[in-house]
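The values are calculated or read from the model by the stated rules, or taken from the named source; none is laboratory data. Because the structure is predicted, anything quoted here is derived from the model rather than measured. Note that each Cβ is placed from the backbone with ideal geometry, even for glycine, and that neighbours are counted across all protein chains shown.
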Amino acid sequence: MDRLNIGVIGLGAIGQKHCSALAVLERATLCAVADVNANVLSTTAAQYRAAPYATADDLLKHPGLDAVVIATPDDLHRDACVLAAQHGKHILVEKPLATTIEDSQAIVAAAETAGVKLMVGFTLRFSLHYQQAKKAVADGVLGSLVSIFARRQNVISQADRLKGRCGVLMFLGPHDFDVMRWIVGSEPVSIYSQAATSVPSAYPIENETFTTIKFANGVVGCAQIGWYLQDKHPAGRDFKLDIVGDKGSLNLDQMRQGLEIYTATGAKFPSVSAGLVDEDRAFVDCILDHKPVPVSGSDGLAAVRMVLAAMTSIETGQPVSL
Ligand SMILES: NC(=O)c1ccc[n+]([C@@H]2O[C@H](COP(=O)([O-])OP(=O)(O)OC[C@H]3O[C@@H](n4cnc5c(N)ncnc54)[C@H](O)[C@@H]3O)[C@@H](O)[C@H]2O)c1
């Protein structure tokens, strides 16, 4: 096989980005798309000349289909992943892997039983900035690590877009929890999280959080995860990573990426990262080249454990041991 036939299930905000990423890959053909929303389905299918399906079940029967990207809402990942595995299709599932440990384990088990590849969409692992940070740490440039701080601030309208279907920890937390675990190279052993309660929210979920994480190797981490940036924010994001070691330190800023555009209507700091295209390419390549997935189901499960521990800690006011 020299080209992968791939389908996308769930054509919302990120599903659309996967479609456009897959469309530029040399070794993939976006042959099928599925969504329960008929309008979105027909527009997307026409745009990419892909076969439209109203359900995941129907898409999975598309002739010659090899693999799927699953980009449905979090709580639907389990059903779609298990079904895809049962149809023998390789899976790239969006983060979080699932919303419970049980669902996450069921997905991992289904992929193992079916012998299909399961990759979790941790886009930061494919961002040049984060890859450089990982390399600096792995090469010992910073010496022995002491601490790691991650910030992920998104725009305030994200919460309204998702209409309370998840809190910010489940939406953005998996990215940074995964990246911290990946870069520190050690498992989290204890998590303590607090959420701001100063501003009344339309949704009874956490919206601005600080989570401290103690790793097995002694490194201490802190993640600030929230979605209170104004929609007119010039970048629409404030993503940072600060790492301290005993021989050096590293500061990563994804808000400004070296391109700033100033006009009469204000400033813009566009993203120049190709993260999602590189993520999808890595998924396609690992299947065609018979290589291990770069991000595994157990990485996805580890991040879900961290998010759930942080949510429990907010609820109980106590640190949670992992
Ligand atoms: N990697 C990233 O940076 C990133 C960014 C955004 C979202 N996500 C993740 O991607 C997933 C989707 O998020 P989103 O923001 O795109 O959501 P969204 O609400 O914009 O899109 C979800 C889509 O799934 C469709 N859908 C719902 N039920 C379905 C079903 N049973 N079968 C087929 N389609 C169905 C909806 O009609 C909708 O078009 C979530 O898990 C989210 O956490 C990841």
Quiz item: Taking the range 13-72, which residues are of a type in the set (Val, Ile, Thr) and in contact with a helix residue (DSSP H, G or I) (Cβ under 9 Å, 6 or more places away or on another chain)?
Solution: Ile14, Val24, Thr29, Val33, Val40, Thr44, Val68, Val69, Ile70, Thr72
Exercise. Among residues belonging to the range 165-191 that are buried (at least 19 other Cβ atoms within 10 Å of the Cβ) and more than 16 Å from the ligand (Cβ to nearest atom), point out the one that is farthest from Gly297 (Cα to Cα).
Key: Ile191
Exercise. Kindly list the number of the only condition in (1) surrounded by 20 or more Cβ atoms within 10 Å (Cβ to Cβ); (2) in contact with a Phe, Trp or Tyr (Cβ under 6 Å, 6 or more places away or on another chain); (3) not small (Gly, Ala, Ser) that fails for Gln224.
Key: (1)
Self-check item: strands (runs of 3 or more DSSP E) contained in the range 53-138 and holding at least 3 residues assigned by TED's automatic domain parsing to the domain that holds Met170, within 10 Å of the ligand (Cβ to nearest atom) and not hydrophobic (A, V, I, L, M, F, W, C)
Solution: none
Exercise. Quick one: Arg161 ticks every box in (1) within 16 Å of the ligand (Cβ to nearest atom); (2) assigned to a strand (DSSP E or B); (3) surrounded by fewer than 22 Cβ atoms within 10 Å (Cβ to Cβ) except a single one, so which number is it?
Key: (2)
Self-check item: Selection from the range 274-292 of residues that are surrounded by fewer than 18 Cβ atoms within 10 Å (Cβ to Cβ) and at pLDDT below 95
Solution: Ala274
Exercise. Working only within the range 293-308, note down all residues that are over 19 Å from Gly275 (Cα atoms) and surrounded by fewer than 23 Cβ atoms within 10 Å (Cβ to Cβ).
Key: Ser298, Leu301, Ala302, Arg305, Leu308
Exercise. Can you give me the number of residues within the range 25-42 that are in a loop (DSSP other than H, G, I, E, B) and more than 10 Å from the ligand (Cβ to nearest atom)?
Key: 3
Quiz prompt | Single unsatisfied condition, Cys31 versus (1) among the hydrophobic types (A, V, I, L, M, F, W, C); (2) surrounded by fewer than 24 Cβ atoms within 10 Å (Cβ to Cβ); (3) within 21 Å of Lys117 (Cβ to Cβ); (4) within 23 Å of the chain's Cα centre (by Cα) | solution = (4)
Exercise. Test Gly226 against the stated conditions and say whether it is small (Gly, Ala, Ser) and within 22 Å of Leu128 (Cβ to Cβ).
Key: no
Exercise. Quick one: count up the residues across the range 141-156 that are within 12 Å of the ligand (Cβ to nearest atom) and either of a type in the set (A, V, I, L, M, F, W, C) or touching an Asp or Glu at 6+ places or on another chain (Cβ under 8 Å) (or both).
Key: 1
Quiz prompt | Only listed residue being surrounded by 22 or more Cβ atoms within 10 Å (Cβ to Cβ) and among the β-branched types (Val, Ile, Thr), chosen from Ile101, Ile91 | solution = Ile91
Practice problem: Considering only the range 192-245, give the strands (runs of 3 or more DSSP E) lying wholly within it that have at least 2 residues that are hydroxyl-bearing (Ser, Thr, Tyr) and either in the same structural domain as Leu145 (by TED's automatic domain parsing) or touching a residue at least 40 places away in the same chain (Cβ under 8 Å) (or both). | Solution: 208-215
